[in-house]
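*Asks:* Dropping the structure in here first, questions after.
The values are calculated or read from the model by the stated rules, or taken from the named source; none is laboratory data. The structure displayed is predicted, hence computed values, not measured ones. Using ideal geometry, Cβ is built from the backbone for each residue, glycine included, and neighbour counts are taken over all protein chains shown. Keep in mind that these areas ignore ligands, DNA and RNA; they rest on the heavy atoms of the full protein, side chains included. Shrake-Rupley method; radii C 1.70, N 1.55, O 1.52, S 1.80 Å.
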Amino acid sequence: MRAMKLNAALFAVLLAAPALLLAQNQTVRIHAATVLDGTGKTLRNATIVVQGSKITSIEAGTTANARNATYELGQVTVLPGMIDIHAHVGWHFDKDGRYAARHGSPAQEILYSAENAYVTLLAGFTTIQSPGQANDVELREGIARGVFPGPRILTSIRQINERSGTPDEIRQKVRQLKTDGADVIKIFASASIRDGGTQTMTDEQLVAVCGEAKAQGMRTMVHAHSPESIRASVNAGCQQIEHGVFATDEVLKLMADKGVYFDPNVGVVLQNYLKNRDKYNGIGNYNDEGFAYMEKGLSINAAMIKKAVATPNLKMVLGTDAVAGAHGHNADELVERVRQGGQQPMDAIVSATSMAAQSLNLGKTIGTLAAGYEADIVGVDGDPLTDITAVTRVAFVMKGGKVYKLSAGSARGAKPAQ
Ligand SMILES: [Zn+2]
């Protein structure tokens, strides 16, 4: 009987939700027993007040006001919308179930990207950075128009690698990327682990790309596996290192000393390739040798993440390197960093929220629950501080003040606005 009443109430919420989407200036109040603000603070019995797309205030310890909640999330733990700073949103399997290497028509490709964006949003990720393909710009602009759902998108559009030319030619390419609307410069300083991970770009090329990017006010993210490629990138003034499978204590400390962000990927990308081996095998360097490397990579990653977590002051941010098959599973990266690396759950959550936002130069806009920030708010079923897998059970998603997900199973007793 009680269950029926609850279902009726939730049904009412679901009916009311589209109306809330349109009521841009309505004040919305979200109450939960526990709110993690994204900077490491825990607020108890808190109400987040949202007007339009922004948070206007947070009232903590407000039992009386809780009665006026538009969304009563109860024991669902609320945190800022999560941020994945490395997700290949356009990668997909084709209709025959194989990795498609992005060879479909422009219309097919953008629709696959849109599907991936949607499942990523529903998994609690309200912002992602794509290391880049040409149609990311259309995807970014399309989502920003505010009609079809997806996370905020940042993109490199293209990449710079050892074949990008002389230092002068590379500088020109960086300026062109800025003109074309890139948000970040993506650089390949080393081979993939399937090819051993050694340094590919010269030190001069790295100085050219990261120096010019800095001069143009642009951020840089560098794919680098070997210690040499990491050291050369940091010394060239690059701001962020991706993967770092073979990172040593020395280069981890170097990154920490220089304030360079580090984005190890230990929980999603290799596991996803191995899980979907049949869909990739036989395409490019996805061969038996490559898969053997990736299997070894799991244990190398496990050792590396322990060292990274133990490195004082290392600014570790959340990125997954999600490819075809992995979209919507982005939060698994947090789970594995805690499980394999011994990272504190609160640190993992900060890495996916306020610190990730800072790495994008968006630290004053997203990634924190506080007055003036975008209302990017998610709720997870359980307490991620005692069971990090809660971040994979997303029950509530709001982005820019609009609700995209309200899971009946978890948003207990939610009721629509009066
Ligand atoms: Zn990648």
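*Asks:* Only one residue in Asp94, Asp84 is acidic (Asp, Glu), buried (at least 16 other Cβ atoms within 10 Å of the Cβ) and either within 16 Å of the ligand (Cβ to nearest atom) or within 30 Å of Gln240 (Cβ to Cβ) (or both), so which one is that?
*Replies:* Working: Asp94 fails: either within 16 Å of the ligand (Cβ to nearest atom) or within 30 Å of Gln240 (Cβ to Cβ) (or both).
One residue alone meets the criteria, Asp84.
*Asks:* Could you list, in sequence order, all residues of segment 271-283 that are open to solvent by 10 Å² or more (accessible area, probe 1.4 Å) and closer than 15 Å to Glu295 by Cα?
*Replies:* Once the filter is applied, which keeps residues that are open to solvent by 10 Å² or more (accessible area, probe 1.4 Å) and closer than 15 Å to Glu295 by Cα, segment 271-283 yields Gln271, Tyr273, Leu274, Lys275, Asn276, Arg277, Asp278, Asn281.
*Asks:* If I filter segment 138-151 for residues that are in contact with a Ser or Thr (Cβ under 8 Å, 6 or more places away or on another chain) and either more than 22 Å from Asp381 (Cα to Cα) or polar (S, T, N, Q) (or both), do I get at least one hit?
*Replies:* yes
*Asks:* Test each condition in (1) of a type outside the set (Lys, Arg); (2) modelled with pLDDT of 95 or more; (3) in a loop (DSSP other than H, G, I, E, B) for Ala417 and report the one that comes out false.
*Replies:* (2)
*Asks:* Further question on the same structure: May I ask you to say which residue of Gly132, Gly146, Gly181, Gly197 is touching a residue at least 24 places away in the same chain (Cβ under 8 Å), under 20 Å from Ile366 (Cα atoms) and either of a type in the set (Gly, Ala, Ser) or away from the ligand (no atom under 16 Å from the Cβ) (or both)?
*Replies:* None of the other options fit; the residue is Gly146.
*Asks:* Given the conditions (1) open to solvent by 30 Å² or more (accessible area, probe 1.4 Å); (2) outside any helix (DSSP H, G or I); (3) within 16 Å of the ligand (Cβ to nearest atom), report the number of the one that Gly217 does not fulfil.
*Replies:* All conditions are met except number (3).
*Asks:* Still on this structure: Just one of (1) under 24 Å from Val49 (Cβ atoms); (2) touching a Ser or Thr at 6+ places or on another chain (Cβ under 7 Å); (3) open to solvent by 10 Å² or more (accessible area, probe 1.4 Å); (4) touching a residue at least 24 places away in the same chain (Cβ under 8 Å) trips up Val335, so point out which.
*Replies:* Of everything listed in (1) under 24 Å from Val49 (Cβ atoms); (2) touching a Ser or Thr at 6+ places or on another chain (Cβ under 7 Å); (3) open to solvent by 10 Å² or more (accessible area, probe 1.4 Å); (4) touching a residue at least 24 places away in the same chain (Cβ under 8 Å), Val335 misses just condition (1).
*Asks:* Separate question: Looking at segment 92-137, which of its residues are closer than 22 Å to Val380 by Cα and of a type in the set (Ser, Thr, Tyr)?
*Replies:* Of everything in segment 92-137, those that are closer than 22 Å to Val380 by Cα and of a type in the set (Ser, Thr, Tyr) turn out to be Tyr118, Thr120, Thr126, Thr127.
*Asks:* May I ask you to list the residues in segment 235-246 that are touching a strand residue (DSSP E or B) at 6+ places or on another chain (Cβ under 8 Å) and either within 16 Å of the ligand (Cβ to nearest atom) or over 23 Å from Glu204 (Cα atoms) (or both)?
*Replies:* If the condition is that a residue be touching a strand residue (DSSP E or B) at 6+ places or on another chain (Cβ under 8 Å) and either within 16 Å of the ligand (Cβ to nearest atom) or over 23 Å from Glu204 (Cα atoms) (or both), then Cys238, Gln240, Ile241, Glu242, His243, Gly244 are the ones that fit.
*Asks:* Can you name the residue in segment 284-313 that is touching a strand residue (DSSP E or B) at 6+ places or on another chain (Cβ under 8 Å) and under 16 Å from Val338 (Cβ atoms) and, of all such residues, is least open to solvent (accessible area, probe 1.4 Å)?
*Replies:* Among those residues, the one meeting the criterion is Ala308.
*Asks:* Still on this structure, I have one more. When you scan segment 97-129, how many residues do you find that are within 15 Å of the ligand (Cβ to nearest atom), among the hydrophobic types (A, V, I, L, M, F, W, C) and within 25 Å of Gln358 (Cβ to Cβ)?
*Replies:* The qualifying residues number 1.
*Asks:* Could you list, in sequence order, the residues of segment 69-86 that are more than 15 Å from the chain's Cα centre (by Cα) and not acidic (Asp, Glu)?
*Replies:* Ala69, Thr70, Tyr71, Leu73, Gly74, Gln75, Val76, Thr77, Val78
*Asks:* Quickly run through segment 42-75 and pick out the residues that are open to solvent by less than 50 Å² (accessible area, probe 1.4 Å), at pLDDT below 95 and assigned to a loop (DSSP other than H, G, I, E, B).
*Replies:* Of everything in segment 42-75, those that are open to solvent by less than 50 Å² (accessible area, probe 1.4 Å), at pLDDT below 95 and assigned to a loop (DSSP other than H, G, I, E, B) turn out to be Thr62, Ala69, Thr70, Leu73, Gly74.
*Asks:* Identify, from the list Asp257, Asp249, Asp195, Asp203, the residue that is farther than 26 Å from Ala302 by Cβ and open to solvent by 10 Å² or more (accessible area, probe 1.4 Å).
*Replies:* Of the residues listed, the single one that is farther than 26 Å from Ala302 by Cβ and open to solvent by 10 Å² or more (accessible area, probe 1.4 Å) is Asp203.
*Asks:* Filter segment 339-395 for residues that are among the β-branched types (Val, Ile, Thr) and part of a strand (DSSP E or B) and give the result.
*Replies:* Those that are among the β-branched types (Val, Ile, Thr) and part of a strand (DSSP E or B): Ile377, Val378, Val380, Val394.
*Asks:* For Ala232, state whether it is of a type in the set (A, V, I, L, M), more than 16 Å from the ligand (Cβ to nearest atom), in contact (Cβ under 8 Å) with a residue 40 or more places away in the chain and closer than 27 Å to Asn135 by Cα.
*Replies:* Spelling it out, it is not the case that Ala232 is of a type in the set (A, V, I, L, M), more than 16 Å from the ligand (Cβ to nearest atom), in contact (Cβ under 8 Å) with a residue 40 or more places away in the chain and closer than 27 Å to Asn135 by Cα.
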